[in-house]
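K.L.:
I'd like to ask some things about the structure below.
The values are calculated or read from the model by the stated rules, or taken from the named source; none is laboratory data. What you see is a predicted model, and the numbers here were worked out from it, not measured in a lab. We place every Cβ from the backbone using ideal geometry, glycine too, and count neighbours over all the protein chains shown. Calculation scope for accessible area: heavy atoms of the full protein, side chains included, ligands and nucleic acids excluded. Shrake-Rupley method; radii C 1.70, N 1.55, O 1.52, S 1.80 Å.
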Amino acid sequence: QQTFTITVNPTAQVNDPVDQIICNAETTSVTFTTENTGGTTTYAWTNSITSIGLAASGTGNISAFTGINTGTSPVTSSLTVIPTFENGNVSCIGPATPFEITINPTAQVNPTDDMVVSDGDTVTIPFTTVNTGGTTTYTWTNTDPTTGLTTTGSSDIGFTAVNTGTSPITTTVVVTPGFTNGGNSNTGPTDTFTIIVNPTAQT
């Protein structure tokens, strides 16, 4: 009588990686996991868009890398990971699992020209951006509220200019853009401009 064993390895398996949305210049990584035990699971992955800062393919976990998107809209790269289970010098390849990494662009605001207005003028300043594919918001600060404009605000600017004095008043406005897409937000470079409010003419 002879006794021998037959070991049947499981099909390789990888837990579904979570899709990620990050912003330009943000660092991220991906750690793969499996439910399988009793052997060694390795991973091979591919990436469809290398311009996001990640190589076209690799093995093992995806090490920390800095996302790149110098454009004006989100870029979504499709990735696929294939697991391999090895035990007793026998390897079993499992099904490919897809996931995505989206890189949002840096928030941006188009420049606003310096302006000169007069006491009593209605001033409307709409902010715009070249970015698409998400939501851009604007916050701003103002150095001189005596001009009729509050010291801080959000969204577009609208106010009635005030100068009851005898000489022009110059105030400086700094606008900070924010970009949001898929729950990820970032702020971009500020834009600075001045508003000069002239007094009413007097004889």
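K.L.:
From the list Thr106, Thr102, which residue is touching a residue at least 12 places away in the same chain (Cβ under 8 Å) and open to solvent by 40 Å² or more (accessible area, probe 1.4 Å)?
P.N.:
Thr106
K.L.:
Can you tell me which residue within the range 6-32, out of those that are open to solvent by 70 Å² or more (accessible area, probe 1.4 Å), at pLDDT 95 or above and not hydrophobic (A, V, I, L, M, F, W, C), is nearest to Asn89 (Cα to Cα)?
P.N.:
Thr11
K.L.:
Return the residues of the range 116-127 that are surrounded by fewer than 14 Cβ atoms within 10 Å (Cβ to Cβ), at negative phi and not in a strand (DSSP E or B); say none if nothing qualifies.
P.N.:
Pro126 - this is the single residue of the range 116-127 that is surrounded by fewer than 14 Cβ atoms within 10 Å (Cβ to Cβ), at negative phi and not in a strand (DSSP E or B).
K.L.:
Turning to a different aspect of this structure: Which of the residues belonging to the range 177-203 are assigned to a strand (DSSP E or B), in contact (Cβ under 8 Å) with a residue 40 or more places away in the chain and among the hydroxyl-bearing types (Ser, Thr, Tyr)?
P.N.:
Listed by number, the residues that qualify are Thr180, Ser185, Thr187, Thr194.
K.L.:
Does Val8 count as in a loop (DSSP other than H, G, I, E, B), under 23 Å from Pro83 (Cα atoms) and free of Cβ contacts under 8 Å to residues at least 40 places away in the same chain?
P.N.:
Here the answer is yes, as Val8 does meet what is asked.
K.L.:
Pick from Ser78, Ser63, Ser51, Ser91: which is surrounded by 14 or more Cβ atoms within 10 Å (Cβ to Cβ) and outside any loop (DSSP other than H, G, I, E, B)? Before the answer, list the steps.
P.N.:
Values: Ser78 fails: surrounded by 14 or more Cβ atoms within 10 Å (Cβ to Cβ); Ser63 fails: surrounded by 14 or more Cβ atoms within 10 Å (Cβ to Cβ); Ser51 fails: surrounded by 14 or more Cβ atoms within 10 Å (Cβ to Cβ).
Step by step, each of Ser78, Ser63, Ser51, Ser91 is checked, and only Ser91 is surrounded by 14 or more Cβ atoms within 10 Å (Cβ to Cβ) and outside any loop (DSSP other than H, G, I, E, B).
K.L.:
For the structure I just gave you, tell me whether Thr141 is touching a helix residue (DSSP H, G or I) at 6+ places or on another chain (Cβ under 9 Å) and surrounded by fewer than 19 Cβ atoms within 10 Å (Cβ to Cβ). I'd like the intermediate steps shown before the answer.
P.N.:
On the way: touching a helix residue (DSSP H, G or I) at 6+ places or on another chain (Cβ under 9 Å): no; surrounded by fewer than 19 Cβ atoms within 10 Å (Cβ to Cβ): yes.
In short, no.
K.L.:
A further question follows. Of the numbered conditions (1) in a strand (DSSP E or B); (2) farther than 22 Å from Asn89 by Cα, Ala44 satisfies every one except a single condition; which is it?
P.N.:
For Ala44, the failing item is (2).
K.L.:
Something else about it: Taking Glu86 and the conditions (1) part of a strand (DSSP E or B); (2) in contact with a Gly (Cβ under 7 Å, 6 or more places away or on another chain); (3) exposed (fewer than 13 other Cβ atoms within 10 Å of the Cβ), which numbered condition does it fall short on, given that it satisfies the others?
P.N.:
Every condition holds for Glu86 apart from (3).
K.L.:
Just checking, does the range 146-162 include any residue being farther than 30 Å from Val8 by Cα, free of Cβ contacts under 8 Å to residues at least 60 places away in the same chain, surrounded by 14 or more Cβ atoms within 10 Å (Cβ to Cβ) and among the hydroxyl-bearing types (Ser, Thr, Tyr)?
P.N.:
Within the range 146-162, one or more residues are farther than 30 Å from Val8 by Cα, free of Cβ contacts under 8 Å to residues at least 60 places away in the same chain, surrounded by 14 or more Cβ atoms within 10 Å (Cβ to Cβ) and among the hydroxyl-bearing types (Ser, Thr, Tyr).
K.L.:
Any residue that is of a type in the set (A, V, I, L, M, F, W, C), more than 30 Å from Asn69 (Cβ to Cβ) and not in a loop (DSSP other than H, G, I, E, B) - is there at least one of those in the range 160-167? Step through it out loud before you land on a result.
P.N.:
Residues of the range 160-167 of a type in the set (A, V, I, L, M, F, W, C): 161-162.
Cutting the leftovers down to more than 30 Å from Asn69 (Cβ to Cβ) gives us 161-162.
From what is left, the residues that are not in a loop (DSSP other than H, G, I, E, B) are none.
For the range 160-167, residues of a type in the set (A, V, I, L, M, F, W, C), more than 30 Å from Asn69 (Cβ to Cβ) and not in a loop (DSSP other than H, G, I, E, B): absent.
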